[in-house]
Amino acid sequence: HAKARGRNGVALFEAGMLRDAERRLTLERDLGLALDHGELSLHLQLQVDGARRPSGAELLMRWRRKDGSSVPPDQFIPVAESSGLIVPLGEWVLREACLAWHVLARAGHPLPLSVNVSPMQFRQPDFVARVESILQETGVPPGQLVFEITEGLLVDRRDRTIERMHELAALGIRVSVDDFGTGYSSLAYLTRMPLYELKIDKSFIRDTPHDKDGTAIVQSILSMAGHLGLRVVAEGVETEAQAGYLARHGNASMQGYLFHRPMPLDDLLAHLRGLPELLD
Ligand code: C2E
Ligand code: MG
Ligand code: MG
Ligand code: MG
């Protein structure tokens, strides 16, 4: 009996794996066509400073199929990474970010823009050269771009990562560590890297201030970043209690639904027009 059930279990497991593999292949094939078919777009989410004024914005990829359904980034970004599609897609995001920067600047809002750079993209031998040529092509001041990398890059092949960070810094581009606190980076190494910013992962913000452990992590990151002279952005700020805690314990910028949702560039322009004048 047990044996029969076991065999059944295996069969079910295999069927599940097959479905997953098929789903992945379909996603991969469709994603390869999505850019040419005009199904990909970018949303921008404003970050705010302690006074709750816009201090930058992050670009986030969106995929809306022709039938109107959306595929969330958490589903298609991993497929883009494993298939290598993230390399051309990432380059498209960077070019779009540069165009968006000019549109915002012309409207009176020259905001620093953050783009997510996947590990595979970051490790391409010609990555820095391609970034440089996009900068030249678009004429965006490099100091207006922030590259968000993941903590994994600070763990594997660390020396190569540090070298690359210096190459980007030489161009004037700033580097941020996304989802900070979820990886296994060595704190000692943070001081050896030309880093600009840490983004506290939203899982810790979610637990603040009611959960002792999550809050302790947020507080440690704020304090460490303060000592190291790093900018901090708290991601996923959804409540006044979270914003209040952050304001009392450091000077982090904040990004989250409490302030601004990710939105298309046109909506962002309209949104910025509706905000109180920036004092500069
Ligand atoms: P991320 O870079 O950590 O981006 C922050 C995510 O938090 C975004 O999810 C954003 O929509 C979401 N978020 C913002 N405020 C709140 C909030 O108050 N509460 C909650 N619960 N969530 C909030 P999104 O847009 O679904 O993107 C997910 C991930 O996909 C990103 O995480 C990033 O890792 C990846 N991704 C998105 N666009 C790109 C891209 O252009 N290139 C690469 N390589 N990765 C991207
Ligand atoms: Mg990010
Ligand atoms: Mg993040
Ligand atoms: Mg994330």
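What follows is calculated from the coordinates using simple rules that are stated; it is not laboratory data. On a predicted model such as this, the values are computed, not experimentally measured, just so you know. Using ideal geometry, Cβ is built from the backbone for each residue, glycine included, and neighbour counts are taken over all protein chains shown.
Annotations
- For region 87-103, 3J(HN,Hα) per residue [Karplus equation, 6.51 cos²θ - 1.76 cosθ + 1.60, θ = phi - 60°, Hz, x = Gly/Pro]: 5, x, 5, x, 5, 4, 4, 5, 5, 4, 4, 5, 5, 4, 4, 5, 4
- Rg and Dmax of the chain, both derived from C-alpha coordinates alone, stand at 20.6, 75 Å.
- Its Cα centre serving as origin, region 57-136 has a Cβ charge dipole (Lys and Arg +1, Asp and Glu -1) of approximately 240 debye.
- Rg followed by Dmax, in Å, when region 181-280 is reduced to its Cα trace: 15.2, 44
- Relative packing of peptides 162-169, 230-237 - highest average C-beta neighbours within 10 Å first: 230-237, 162-169
- Two-decimal ratio, region 176-221, of alpha-carbon radius of gyration to 2.2 N^0.38 Å: 1.19
- Extending 7 Å from the Cα toward the beta-carbon at both ALA15 and ARG106 defines two label points whose distance is 5.7 nm.
- Choice from THR215, THR191, THR161 showing the highest fluctuation, given a GNM over the chain with Cα pairs closer than 10 Å: THR191
- Here the convex hull built on the C-alpha positions of region 55-202 has a volume of 130 cubic angstrom per residue.
- In the chain, the DSSP-assigned H stretches of four residues or longer account for a calculated mean residue ellipticity at 222 nm of -16000 deg cm²/dmol, using -39500 (n - 2.57) per stretch and the full residue count as denominator.
- When the chain is described by a simple charge dipole with +1 on each Lys and Arg Cβ and -1 on each Asp and Glu Cβ, the residue from LEU275, VAL128, THR239 located farthest towards its positive end is THR239.
- Total charge dipole magnitude, region 145-252, about the Cα centre, Cβ charges on Lys, Arg, Asp, Glu only, Debye to nearest 20: 320 debye
- Each residue of region 175-183 is assigned a 3J(HN,Hα), and the resulting list reads 10, 10, 9, 7, 6, 4, x, 8, x Hz, derived from the Karplus form 6.51 cos²θ - 1.76 cosθ + 1.60 (θ = phi - 60°), x at Gly and Pro.
- Relative contact order for the chain: 17 percent, from Cα pairs under 8 Å spaced at least 6 residues apart, divided by residue count.
- 3J(HN,Hα) along region 204-212: 6, 5, 4, 8, 9, x, 7, 9, 4 Hz, from the Karplus curve 6.51 cos²θ - 1.76 cosθ + 1.60 with θ = phi - 60°, whole Hz, x for Gly and Pro.
- Comparing ARG248, ARG24, ARG64 in a Gaussian network model of the chain, where Cα atoms under 10 Å apart are tied by springs, the biggest mean-square fluctuation is seen for ARG248.
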